[in-house]
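Have a look at the structure below, then the notes.
The values are calculated or read from the model by the stated rules, or taken from the named source; none is laboratory data. Nothing here was measured: the structure is a model prediction, and the numbers come from that model. We place every Cβ from the backbone using ideal geometry, glycine too, and count neighbours over all the protein chains shown.
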Amino acid sequence: EPEVTQTPSHQVTQMGQEVILRCVPISNHLYFYWYRQILGQKVEFLVSFYNNEISEKSEIFDDQFSVERPDGSNFTLKIRSTKLEDSAMYFCATARGQGGGMHYGYTFGSGTRLTVV
Amino acid sequence: GDSVTQMEGPVTLSEEAFLTINCTYTATGYPSLFWYVQYPGEGLQLLLKATKADDKGSNKGFEATYRKETTSFHLEKGSVQVSDSAVYFCALLNQAGTALIFGKGTTLSVSS
């Protein structure tokens, strides 16, 4: 069964450093998403990406965050200057459709656990 | 705004016990509702869904019925197995259809 692959599985970084989280989507999926889960809290939507641009973002997704699909395969989330409160599990998800096409369902990756120290 | 509330965990059961995990939601209109499951070390997997009122989603012995009168989507299973031990997330699709809104998740631990 096709999978969404996320790397690394765990990253530890110092406060103020930049991190890049990577996701390899399923090949025929067109919609890409990042979600995060702070330990013990809800899974929260960060951003959706379609046709090489952001289609929606939450209030969490401020100027320190960016996403891109630089080589047509990897989908990346960059956090420019990490803060302690960025420590969380970050999930990538991809879908063939969106909205009315949600019956396709998302496929989620296993997540990257980011720890900012 | 839209939100999902799940019962607090952890839920600890013996094998073959009956499971209920409560989920209620607040949303505009009648959103599609989902249960996702996360097994240790794995990603979120869609367990079941319901797209309109009174729909019943089912999969792997789990069921949930979309109740608009109580704005609920409780997850049930008649006889749990050790292999059902996981974290269960209730979620709804926002009105624009662009993002999932999740609950906090409920950890289920089943012992033999």
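Of the residues that make up region A:12-22, is at least one among the polar types (S, T, N, Q), in a loop (DSSP other than H, G, I, E, B) and at pLDDT below 95?
So the first thing to find is which residues in region A:12-22 are among the polar types (S, T, N, Q), and the list is A:13-14, A:17.
Checking the rest, the ones that are also in a loop (DSSP other than H, G, I, E, B) come to A:14, A:17.
So of that shortlist, the ones also at pLDDT below 95 come out as none.
Checked region A:12-22: no residue is among the polar types (S, T, N, Q), in a loop (DSSP other than H, G, I, E, B) and at pLDDT below 95.
Against the definition (under 27 Å from B:Thr12 (Cβ atoms) and either surrounded by 20 or more Cβ atoms within 10 Å (Cβ to Cβ) or more than 14 Å from chain A (Cβ to nearest Cβ) (or both)), how does B:Leu108 come out, yes or no? It would help to see each step written out before you state the result.
Working: under 27 Å from B:Thr12 (Cβ atoms): yes; either surrounded by 20 or more Cβ atoms within 10 Å (Cβ to Cβ) or more than 14 Å from chain A (Cβ to nearest Cβ) (or both): yes.
When the stated conditions are applied, B:Leu108 passes them.
Which strands (runs of 3 or more DSSP E) sit wholly inside region B:7-79 and have at least 2 residues that are touching a residue at least 60 places away in the same chain (Cβ under 8 Å) and among the β-branched types (Val, Ile, Thr)?
Working: elements: B:11-14, B:19-21, B:23-26, B:33-38, B:44-50, B:56-59, B:62-65, B:75-77.
The strands (runs of 3 or more DSSP E) meeting that bar are B:11-14.
Look through region B:71-96, keep the residues that are loosely packed, with under 15 Cβ neighbours inside 10 Å and modelled with pLDDT under 95, and return whichever of them is nearest to the other protein chains (Cβ to nearest Cβ).
Taking the candidates together, the pick is B:Ala96.
Only residues that are facing chain B (nearest Cβ under 9 Å), farther than 19 Å from A:Gln6 by Cβ and among the acidic types (Asp, Glu): list them for region A:22-63, please.
Correct list: A:Glu56 only.
With the structure loaded, tell me whether B:Lys68 is more than 14 Å from chain A (Cβ to nearest Cβ), within 24 Å of A:Ser110 (Cα to Cα) and surrounded by fewer than 20 Cβ atoms within 10 Å (Cβ to Cβ) or whether it fails that test.
Values: more than 14 Å from chain A (Cβ to nearest Cβ): yes; within 24 Å of A:Ser110 (Cα to Cα): no; surrounded by fewer than 20 Cβ atoms within 10 Å (Cβ to Cβ): yes.
Judged against the criteria, B:Lys68 is not a match.
What is the residue count in region A:6-21 for residues that are at the interface with chain B (Cβ under 10 Å from one of its Cβ atoms) and surrounded by fewer than 16 Cβ atoms within 10 Å (Cβ to Cβ)? I'd like the intermediate steps shown before the answer.
Let us first name the residues in region A:6-21 that are at the interface with chain B (Cβ under 10 Å from one of its Cβ atoms), namely A:6, A:9.
Subset that is surrounded by fewer than 16 Cβ atoms within 10 Å (Cβ to Cβ): A:9.
So the answer is 1.
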